[in-house]
Structures are given as C-alpha cells and as structure tokens.
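Written below as structure tokens is the structure these notes are about.
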Amino acid sequence: MTVSKVEVVVLGLLADEPMHGYDLLERFRTRSMGFWVEVGKASVYQVLKRLEREGSIAGKTQEGTDGPDRRVYRLTRQGRQRLSAGLAERWSALAPYETDAGVALGFAHLVPAGEARAAIDDRARSVSDLLDAVRTELDRTKAHDGSGRAVSNAMLHQQEALANAELAWLKTYRAALTKGKG
C-alpha cells in the first residue's frame with residue numbers, strides 16, 4: 001500500500017482532532033509545515049474526498065453559523081492504519097535531498113562558466129533568503145506551544161541545517177567551477 005505525501009499530511013493533521021478543510025490548511029500553516037513539505041490546497045481537498053470515499057476518514061456536514069456549511073472530517077480506524085503505513089514507508093526510505101535547483105546545478109557544465117557562477121550566486125541568495133525566513137518563523141513561533149509545535153520547530157531546525165550545508169557546498173562548488181574543475 002503506497003500512501004501519498006498529501007495523504008500522510010492530511011491524515012497526520014486529522015490525527016490531532018477532527019477538522020474541516022480550511023482548518024486543516026490553517027493548522028498546516030500555523031505548524032510552519034510549508035517550510036518542510038509542499039502540499040497544494042487543491043490536493044488537500046481532493047485527498048479529503050478520496051480518503052472519505054475509501055473509509056479512511058469520516059465526514060459530517062456541520063451547519064455554518066456565519067458562512068456556508070462545512071464538512072468536518074475525523075480519522076477512522078482504517079485511517080489510523082493508513083497513516084501508520086504512510087509513516088512506516090517514509091522512516092527509512094532511501095531518497096535524495098532533491099531540489100529543483102539541484103537538477104539545474106547538475107547540468108552547470110552545459111552553460112558558460114560565468115553563467116554557471118552567476119546561477120550559483122543566485123541560488124546562494126535564494127538559500128540565504130530561505131534561511132532568513134526559517135529563522136524568522138522560529139522567532140515568530142518561539143512562544144507557541146500546542147500540538148506538534150516542538151516537532152515543527154525541530155523540522156524548522158532541520159531546514160536551517162540543510163540550508164547552511166547547501167550554502168557551504170555552493171561556496172565549494174563555485175570555487176571548483178572558477179578553477180575549471182566543475
């Protein structure tokens with residue numbers, strides 16, 4: 001059974017408490033999850049419908065007091081099993097630290113050296129911006145506690161460490177390109 005990344009996110013968030021789609025996306029945001037996992041809004045709503053059809057979550061329409069009716073979802077026993085399977089698939093999965101920039105940098109030898117160095121400089125600026133954003137998010141959430149905050153902060157620290165490692169690597173890679181060894 002392969003459990004998609006979006007399914008793991010949705011099921012994991014619903015494991016905390018029943019929620020409707022908007023609350024789920026808001027929880028994703030307040031947990032700073034966008035710093036360590038990419039999930040599209042439309043994908044979340046598609047997965048909610050599919051998981052309900054499959055019996056992994058159960059939905060109940062709740063009348064809206066200030067707006068439209070909403071469907072509140074809760075995890076079922078089958079959903080907890082699916083979440084456990086999705087987590088187990090990922091714990092020891094051998095996968096690269098993949099980035100779109102890494103794909104491009106892997107072909108730096110195909111462009112003139114000056115263009116490659118400029119691209120590396122652009123990437124370093126982007127990674128520095130990410131690092132600043134991660135540190136800002138850590139400062140913003142410093143006083144927050146609640147379900148999952150400690151884990152979210154640990155994941156933000158992982159992003160900080162990865163960004164620092166990439167910056168160091170970019171410096172070395174740029175130097176190698178400058179010497180014609182890239």
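Values for this structure:
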item: Residue among 150, 118 that is closer than 20 Å to residue 29 by Cβ and not in a loop (DSSP other than H, G, I, E, B); result: 150
item: Complete set of residues in segment 164-182 that are outside any helix (DSSP H, G or I) and in contact (Cβ under 8 Å) with a residue 12 or more places away in the chain; result: 180, 182
item: Of the criteria (1) at pLDDT 95 or above; (2) farther than 17 Å from residue 38 by Cα, which one residue 145 fails; result: (1)
item: Segment 78-114, subset in a helix (DSSP H, G or I) and touching a Gly at 6+ places or on another chain (Cβ under 9 Å), residue farthest from residue 6 (Cα to Cα); result: 113
item: Subset of segment 32-68 that is aromatic (Phe, Trp, Tyr) and under 26 Å from residue 157 (Cα atoms) - its residue that is surrounded by the fewest Cβ atoms within 10 Å (Cβ to Cβ); result: 36
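Each row is one residue, and each column tells you yes or no for (1) under 30 Å from residue 18 (Cα atoms); (2) assigned by TED's automatic domain parsing to the domain that holds residue 36; (3) in contact (Cβ under 8 Å) with a residue 12 or more places away in the chain; (4) surrounded by 14 or more Cβ atoms within 10 Å (Cβ to Cβ).
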site: 70; (1), (2), (3), (4): yes, yes, yes, yes
site: 111; (1), (2), (3), (4): no, no, no, no
site: 131; (1), (2), (3), (4): no, no, yes, yes
site: 162; (1), (2), (3), (4): no, no, yes, yes
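The values are calculated or read from the model by the stated rules, or taken from the named source; none is laboratory data. Treat the numbers as computed from the prediction; the structure is a model and nothing was measured. Note that each Cβ is placed from the backbone with ideal geometry, even for glycine, and that neighbours are counted across all protein chains shown.
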